Structures are given as C-alpha cells and as structure tokens.
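The values are calculated or read from the model by the stated rules, or taken from the named source; none is laboratory data. Treat the numbers as computed from the prediction; the structure is a model and nothing was measured. Positions of Cβ are backbone-derived with ideal geometry, glycine not excepted, and every protein chain shown enters the neighbour counts.
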Amino acid sequence: MVDIANAKILILASDGFEESELFVPLEKLRATGATVDVAGPEKTREPGKLTAWAGQDDKPDWGRTVDVTKTIPSASAGDYDALVLPGGVINPDNLRVDKTALQLIRSFYESGKVVAAICHAPWLLVEAGVVKGRKVTSYHSIRTDVINAGGQFADEPVVTDNGLVTSRKPDDLDAFVAKIIEEIREGRHAPRQIAA
C-alpha cells in the first residue's frame, strides 16, 4: 500500500499534448502531496518546456507550456510508483516512434506499477505491446487500433485492468485521476508480461 502523499508519479509527454489531459492530473496529483515529474524529449519547441496543443478545429493554436523536469532517457520506472500518459493527437503520435519512451512504458507495465493513459494515449500502449488481452478504453477514433492490438475495448469513462488505467476523453478526467489515486494506494500490482 502506497500513501498517495508519498507517491512519485511520472507524466510522459511531448509537444502537442492535450492541455487539460496533462494539467488536470498534474495539478490534482500534486494537490494530494504526490511528487509529480514531467518527462519529455530532449528536443522540444521551447528548451526545457513542453507546449500543449489547445486549438479548436476553427482556430488551431499552441497552448500553455509545462516545465520538463526529466528527459525521457534520464527517467527510470524504478524511481516512480505510476506513469501517466496524456493524449492529444500529436503527443502520442510523436512518442510512439520514440524507442526510449516505449521501453520506459514497458518497464512500468512489466514491473506491475500503475500505467494510466487517456484519449489518444492508448496508441502508446498499443505500440508498446501492452494491450493484448487487457480491458481498455480510448478516444473513439482509435478504438479499432486498440481492438486490432488485441485489447478488449469497453466504452466507459474509466477502465482498470490490473493497474492499467484508461479513459476516453477530457470529460472523463475526474474519474481518471480518482482511479489513478485509488490504484496507487493499492500499491504494486502483480507483474505483467507483454503478450507475444
């Protein structure tokens, strides 16, 4: 059992993350007393920061920035209790071709630590090979990707399968963060194998 106030959580993102899907978990988890780091690529739009994509269809634009406290290569699953993956279309598309980011996700998953992904971030779970045989949800437009990767898709606000937490969209953020906190409090889950 882990006291959430003593928990260490890593948020993994790149430029183009969905603004609310990073900032809401970041702020709510820090409000519990947890230590939350943000890991990003070594090369970003603005040195030492990640920039959100906050535009709407009729007015695309970059949004708020967040400080990067770790580079992806310097982050280790052994230092944290949980991993949070915000969505957006650009962010997971960037990270799913980053071998170091994918290995970091696999390390969290295989060690039985909480791995939480929202919206388009389950693309990263697909690419890391961790959805096969797991009950998951995602943004509706990548549902087929999740199913084709062997995931058992459920159209619910938040879905949990042995410490793997997934949600569909920003409207689900309250349930998503609450489930992350609950899963961290439960402590490490049984080690999980990546299905072949």
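Filter the range 1-37 down to the residues that are touching a Leu at 6+ places or on another chain (Cβ under 7 Å) and hydrophobic (A, V, I, L, M, F, W, C) and list them by number.
Hits for the range 1-37 are I9, L10, I11, L12, A13, F17, V24, V36.
Condition first: under 19 Å from E18 (Cα atoms) and assigned to a loop (DSSP other than H, G, I, E, B). Now tell me which residues in the range 105-124 satisfy that.
If the condition is that a residue be under 19 Å from E18 (Cα atoms) and assigned to a loop (DSSP other than H, G, I, E, B), then C119, H120, A121 are the ones that fit.
Considering each residue of the range 145-196, count those that are in a helix (DSSP H, G or I) and either among the β-branched types (V, I, T) or modelled with pLDDT of 95 or more (or both), and give that number.
Qualifying residue count, the range 145-196: 19.
Among the strands (runs of 3 or more DSSP E) contained in the range 1-97, which hold 1 or more residues that are under 17 Å from V177 (Cα atoms)?
By residue number, 8-12, 35-40, 82-85.
Taking the condition of being at pLDDT 95 or above, more than 14 Å from L26 (Cβ to Cβ) and either buried (at least 16 other Cβ atoms within 10 Å of the Cβ) or touching an Asp or Glu at 6+ places or on another chain (Cβ under 6 Å) (or both), how many residues in the range 38-79 meet it?
Total satisfying the criteria: 6.
Mind telling me which of the residues A121, A117 ends up being closer than 14 Å to L10 by Cα and small (G, A, S)?
The conditions single out A117.
Among (1) more than 13 Å from the chain's Cα centre (by Cα); (2) under 29 Å from Q193 (Cβ atoms); (3) among the hydrophobic types (A, V, I, L, M, F, W, C), there is one condition A5 misses while meeting the rest; what is its number?
Only one criterion is unmet by A5, namely (2).
For the range 126-144, what are the residues that are surrounded by 21 or more Cβ atoms within 10 Å (Cβ to Cβ) and in a strand (DSSP E or B)?
V136
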